[in-house]
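Heads up: the structure comes next, in structure tokens.
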Amino acid sequence: MSGGGAERRGAPAPTGAGTVGVVGPVLAVLLVALGALLVREALVAGGVVGGSAWLPPAADALDGTAPGAAAVVAGVVAALVGLWLVVVALRRRTRRTLAVGTSSYLGVRDVARLAAGAARDVDGVLDASADATRRRVVVRGRATSRDGVEEPVRAAVAHQLSALTTPPTIVVRLRSEDEGGAR
């Protein structure tokens, strides 16, 4: 396509699977179990496998019974579980990435690794680690002295994360060797 004035857009931000990622496999296992039961019933009815059928006696046992308190409770529980499944399916999914430009994304773990690496490269820093969310990066570390080291660490991390479209807030927490920094 040349010239047509169509605006190019980047890829949408990746999202996590959310709670549906847990519910889906559970429902799949239940569906497989139901299928296995129905296949067994078909094989018994066809005479391929010996034994007695399970479903007709269960249906006969339920035939003619009046709805009691247990049936009402089971119906309410089934309705609540169904409502919960609908809410889970429609819930907003988690975002664990930060945009770099218009169509590239970096995960929060990678942002934490970049921040920790930038902090370790600062003179006076003995060791550093970082935790990150989409809004904040917390750099923790040990330094030879806190005086004059925190601001260079903050500046180094800010420079390392400057390519992000919306850089997170940077929090630096350093301990000096004099404060019992060795573990």
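Please treat every number below as a calculation from the coordinates, not as lab data. Model, not experiment: these values are computed from the prediction. Cβ placement follows ideal geometry from the backbone for every residue including glycine, while neighbour counts extend to all protein chains displayed.
Just a few scattered comments:
- Rounded to whole Å, sorted largest first: equivalent-ellipsoid semi-axes of the chain, Cα gyration tensor: 58, 25, 17
- Axis of helix 150-160 versus longest Cα principal axis of the chain: the two differ by about 60°, to the nearest ten degrees.
- Here the chain carries DSSP beta bridges of which approximately 60% are antiparallel, counting only pairs with both residues inside.
- Computed Rg/Rh of segment 98-179, alpha carbon atoms with Kirkwood Rh: 1.00
- C-alpha long axis of helix 69-90 to longest principal axis of the chain, angle in °: 40
- Cα shape, segment 44-107, gyration tensor, a/c 1.5 rule: oblate
- Paramagnetic reach from ASP123 (point 7 Å along Cα→Cβ, amide N under 18 Å) across segment 141-156: 143-156
- Neighbour counts of C-beta atoms inside 10 Å place VAL171, VAL32 in the sequence VAL32, VAL171, starting with the fewest.
- Working note: 222 nm ellipticity from helices only, DSSP H runs with n ≥ 4, each -39,500 (n - 2.57), summed and divided by the residues of the chain, gives -14500 deg cm²/dmol to the nearest 500.
- Relative protection proxy for 143-150, 80-87, from highest mean packing down: 143-150, 80-87 (other beta-carbon atoms within 10 angstrom).
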